[in-house]
Amino acid sequence: MDFSSNRVQEEELCKRENIFVLLVGAMAIALREERHTAIMIPEGEIIELMNGPFDGTRLMDVRYEGEMIMMFTDDMKTHTEVVTKGSA
């Protein structure tokens, strides 16, 4: 029995579950010119969670438009929705 295709499908699903859409705008922290700067991520933007699950830390590493930023865990819990295959 070949389980390699199942493993690949599971890995793709795990990666897919790290993609979220922002339901309302939210503040994030980005490193700009060697300083941490508050930025706003607009409603409807797609973000990728880099260090899940939602484990209680105050800030989570997220990729937005190719840039690594930090978002508040509470905002991730309340202001996002997982992007499913049918909605992408």
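Throughout, read-outs are computed from the coordinates displayed, never taken from laboratory work. Computed from a predicted structure; not experimentally measured. Cβ: placed from backbone, ideal geometry, glycine included. Neighbour counts: every protein chain shown.
Data overview
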read-out: Separation of the Arg32 and Thr84 label points, Cα + 7 Å toward Cβ, nm; value: 3.6 nm
read-out: Potential lengthening between Arg63 and Ile46 on full extension [0.36 nm per residue; Cα-Cα distance subtracted]; value: 5.2 nm
